[in-house]
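Following this message is one structure expressed as structure tokens.
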Amino acid sequence: MQNRFGKSGPMRTGPGSRTAANPLARDRVREARAVFLVGFMGAGKTSVGRALSRRLGFPFEDLDDWIQRREGKSIEQIFRESGETEFRKAETAALRELLEEMGSSFRVVALGGGAFVQSGNAALLEEAEVHSVFLDAPVQELLRRCEEEQKERPLRRDPKQFRELYEKRRLSYMRATVRVETQGKDVDTVAAEVACSLGLE
């Protein structure tokens, strides 16, 4: 079975698929001790994270899994019972705990869609000097992927609200070290682009 993100054609090779690097982060690329994948729901952070973990030979972590273990509840339960504000507090606490537990060991980590948007979380990652990679795709593609998933997403609403939330968050995502376009590419291709763009291969 093909491990692809979408059905919108073959892997692009034109300008729209190039990886865009933040010039200010270039000097820190080789010194960083982890790769944190960020992006909107449907971006493929967990799938790419696992593929990148296999490729580089480093452990993979999903921040949502840390939150669920720490709180003893699913993400959906936390949202339903406590609301988004309490979830964000739990998210930041879990991220801080993960960074402390990592120490000097290298990890590949997938963040939830709203984690990198929170200024406190972004500050923690900057202080830790880790790579951040924005996995991007057109909003219609992200919506299609989410609609095909058998997964409950607390903040996935109707298409209009989905697009509005994406646009609201995108500026924050663009602060990541690099941006990688995922549309029309398979997971392993995206993982290879991430590794190459960060000078890890």
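Within region 65-151, what whole-number % of the accessible surface is contributed by carbon and sulfur, with the 1.4 Å probe and all protein chains included in the calculation?
That share works out to 43 percent.
Right, here's the next one. For region 58-136, just say rounded, prolate or oblate: build the C-alpha gyration tensor, square-root its eigenvalues into a ≥ b ≥ c, call rounded for a/c under 1.5, and beyond that prolate if a/b exceeds b/c, oblate if not. Don't skip to the answer; put the middle values down first.
On the way: a/c = 1.81, a/b = 1.52, b/c = 1.19.
Prolate is the answer for region 58-136, as a/c is 1.5 or above and a/b outweighs b/c.
Now, a different point. What whole-number volume per residue, in cubic angstrom, does the convex hull of the C-alpha atoms of region 70-201 give?
129 Å³
Please give the per residue accessible area of region 50-201, computed with a probe of 1.4 Å over protein heavy atoms only, in Å². Don't jump to the answer; show the numbers that get you there.
Numbers: 7240 Å² over 152 residues.
I get 48 Å² per residue for this part.
Could you sort out which of K45/K89; K89/K168; K73/K160; K73/K168; K45/K168 sit more than 24 Å apart by Cα distance in this structure?
Listed pairs above 24 Å: K73/K160; K73/K168.
The values are calculated or read from the model by the stated rules, or taken from the named source; none is laboratory data. These numbers come from a predicted model, not from an experiment. Note: accessible area is taken over every heavy atom of the protein model, side chains too, but ligands, DNA and RNA are not part of it. Shrake-Rupley method; radii C 1.70, N 1.55, O 1.52, S 1.80 Å.
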